[in-house]
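Take a look at the structure set out below.
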Amino acid sequence: LNNIEQKRQQVARQAFGPTVPMKVWTCTFNIACEKNPFLLGPGGNVEETLAPFVPKDHDVYVVGVQEGMGDGFFLGMAEYFDSFGVQLIPGQGKGFGPRIEGRGDGSLLATKYTGIAAFAKTQLIIDGHVKVERACVHEFMGEDLTKAKDIKESLGSKGGAGLAIRCFD
């Protein structure tokens, strides 16, 4: 960051005391290979589908996905979060956060993924109070799985995805 931006962030930080209470909501979803899971909710509406169990009063939201296909799920989450001033935290890699994608469990028609993405109140991101420090994945690759490329690829969706997020200091 340049000096002007660093000073702006320091001034923004002074609005808070030495400790800052933050509300973090986290959840993981098994999408069961649905390309657009929000069409399955009541009325096919993202708001109606998510409002009963995703609160609107938190500062940071961390969402994990298993058996995801495409970006339909995260696009729906982003639409919902945007409706109350929350956005994807930059620095998570391309798209919606780190993910491991492949044909795990014999998925023959399309690849699926395990992934994670983090969102935060827009002002916390703008002021530099919440940021991604690191995004990473760990693929499951035992010795028996690395002998042939097609075998490795066939289990490529197995493993974990993670984010290290800095909140204030």
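The values are calculated or read from the model by the stated rules, or taken from the named source; none is laboratory data. Everything numeric here is computed off the predicted structure, so don't read it as measured data. Every residue, glycine as well, gets a Cβ built from its backbone with ideal geometry; the counts of neighbours run over all protein chains shown. Just so you know, the surface numbers come from the protein's heavy atoms only, side chains and all, with ligands and any DNA or RNA stripped out. Shrake-Rupley method; radii C 1.70, N 1.55, O 1.52, S 1.80 Å.
Kindly establish whether Glu153 is at pLDDT below 60 and either outside any loop (DSSP other than H, G, I, E, B) or open to solvent by 30 Å² or more (accessible area, probe 1.4 Å) (or both). Here the answer is yes, as Glu153 does meet what is asked. The residues on offer are Leu39, Leu109, Leu50, and the sole one that is farther than 19 Å from Lys131 by Cβ, touching a Phe, Trp or Tyr at 6+ places or on another chain (Cβ under 7 Å) and either at pLDDT below 90 or surrounded by 14 or more Cβ atoms within 10 Å (Cβ to Cβ) (or both) is Leu50. For the range 1-27, the tally of residues that are touching a Cys at 6+ places or on another chain (Cβ under 7 Å) and farther than 26 Å from Ala117 by Cα stands at 0. Quick one: in the range 53-75, of everything that is modelled with pLDDT of 85 or more and assigned to a loop (DSSP other than H, G, I, E, B), which residue is least open to solvent (accessible area, probe 1.4 Å)? That would be Val54. Among the conditions (1) closer than 14 Å to Leu124 by Cα; (2) aliphatic (A, V, I, L, M); (3) open to solvent by less than 80 Å² (accessible area, probe 1.4 Å), Ala15 misses just one, which is (3). Inside the range 76-106, residues that are touching a residue at least 12 places away in the same chain (Cβ under 8 Å), open to solvent by 10 Å² or more (accessible area, probe 1.4 Å) and either assigned to a helix (DSSP H, G or I) or touching a strand residue (DSSP E or B) at 6+ places or on another chain (Cβ under 8 Å) (or both) make up a count of 15.
Scanning the range 112-139 for residues being at pLDDT 90 or above and within 14 Å of Met69 (Cα to Cα) gives a total of 2.
If only residues of the range 156-169 that are open to solvent by less than 60 Å² (accessible area, probe 1.4 Å), at pLDDT 85 or above and assigned to a strand (DSSP E or B) are counted, the one that is nearest to Gln6 (Cα to Cα) is Cys167.
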